[in-house]
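Encoded as structure tokens, the structure appears first; notes follow it.
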Amino acid sequence: MRSYSDIARSLTQSLRLKQPPVAVCLADHLPEGVEPWAGQSPAGCRFWQEAQTRVFATRAPDHRFCSIGLYTHNLDMSLEARTDLADALQVFADLTYVREQDVAAIPVLADKPAYVIYGPLAEIPVAPDVVLLFVQASQTLILSEASQQMEGGMPPAMGRPACAIIPQARNTGRSALSLGCCGARAYLDVLTDDVALYAVPAASVGAFADRLEALSGANSLLTKFHQIRRRDIESGKAPTVKDSLGALQA
């Protein structure tokens, strides 16, 4: 089995990632050597950004300012958090942003973890459940090709809430794409307008990395092929595929 550091390196190189792959681990206990989170976080999704540089473990109280994240991750909720959730859902309903009938469609973790551990995939000391990637459109293209080949279908393109991508990938065992949400884009500096989120179940991330290496090389070669054809056709030539392949090899 490939090490997680090797898989992280492969993913970063194949996709030319600007941000390191992040591991999300759902655990019943605090693993030895993993430091608990200290401080406050405005939202659960903010932990994805913090996890790009260090490994840490969170519990439900660390997510207390994010009732939506507590809900999607099936974490214990205090009375205050439940009140916040009800108030948030009421505002969303008033805005027709999340209607009452929409709530049932939001993915929620099937399991109830005691800890959610985050960290760079390259440094994670425990087996992750989901690997999260910050990607641009061209990178999403290659990832979707891998998902189609490995899973027999395209990943769902999800919207709000962004944190639902974790239970979606964990519960189904299949990859997922999230376009983010306005909350996540407010809380995460790395989630800029040109960035989306792609989640891969950790059980298949090694095989995904292998596929991405091949697909990345193929996309790079075929891009040059199409660029040559465009150049030649726009200059008035009428190249066959063999002509363009010959020009590519030259």
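The numbers here are math on the coordinates, done by the rules we state, and not lab data. Predicted, not measured: the structure shown is a model, and the values here were computed from it. Positions of Cβ are generated from backbone atoms using ideal geometry, with glycine treated the same way; all protein chains shown enter the neighbour counts.
Side notes on the structure shown:
- Any hit, the stretch 7-21, residues being touching a residue at least 24 places away in the same chain (Cβ under 8 Å), in a strand (DSSP E or B), hydroxyl-bearing (Ser, Thr, Tyr) and crowded, with 20+ Cβ neighbours inside 10 Å: no
- Among the residues of the stretch 101-138, the ones that are part of a helix (DSSP H, G or I) and either under 15 Å from the mean Cα position of the chain (by Cα) or closer than 19 Å to residue 14 by Cβ (or both) come to 4 in all.
- Condition check for residue 193: in a loop (DSSP other than H, G, I, E, B) and either surrounded by 12 or more Cβ atoms within 10 Å (Cβ to Cβ) or without any contact (Cβ under 8 Å) to a residue 40 or more places away in the chain (or both): yes
- Some residue of the stretch 220-240 being of a type in the set (S, T, N, Q) and either surrounded by 15 or more Cβ atoms within 10 Å (Cβ to Cβ) or touching a strand residue (DSSP E or B) at 6+ places or on another chain (Cβ under 7 Å) (or both): no
- Residue selected from the stretch 139-183 under the condition in a loop (DSSP other than H, G, I, E, B) and touching a Cys at 6+ places or on another chain (Cβ under 6 Å), by the criterion nearest to residue 97 (Cα to Cα): 160
- Looking across the stretch 76-100, the residues that are of a type outside the set (Ser, Thr, Tyr), in a helix (DSSP H, G or I) and surrounded by fewer than 13 Cβ atoms within 10 Å (Cβ to Cβ) come down to 79, 80, 86, 87, 90, 91, 94, 100.
One line per residue, one yes/no per condition, for (1) among the polar types (S, T, N, Q); (2) surrounded by fewer than 22 Cβ atoms within 10 Å (Cβ to Cβ):
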site	(1), (2)
143	no, no
149	yes, yes
152	no, yes
162	no, no
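- Where a residue in the stretch 61-72 is closer than 14 Å to residue 106 by Cα and in contact (Cβ under 8 Å) with a residue 60 or more places away in the chain and its partner, wherever it lies, is in a helix (DSSP H, G or I) and of a type outside the set (Gly, Ala, Ser), with Cβ under 8 Å and at least six apart: 68/85; 68/163; 69/63; 69/163; 72/163; 72/166; 72/167
- One residue stands out in the stretch 36-75 among those that are closer than 18 Å to residue 88 by Cβ and basic (Lys, Arg): the one that is surrounded by the most Cβ atoms within 10 Å (Cβ to Cβ), namely 46.
- Inclusion of residue 2 among residues that are at positive phi and touching a helix residue (DSSP H, G or I) at 6+ places or on another chain (Cβ under 8 Å) is not warranted.
- Index of the failed condition, residue 14 passing every other in (1) on the phi > 0 side of the Ramachandran plot; (2) touching a helix residue (DSSP H, G or I) at 6+ places or on another chain (Cβ under 7 Å): (1)
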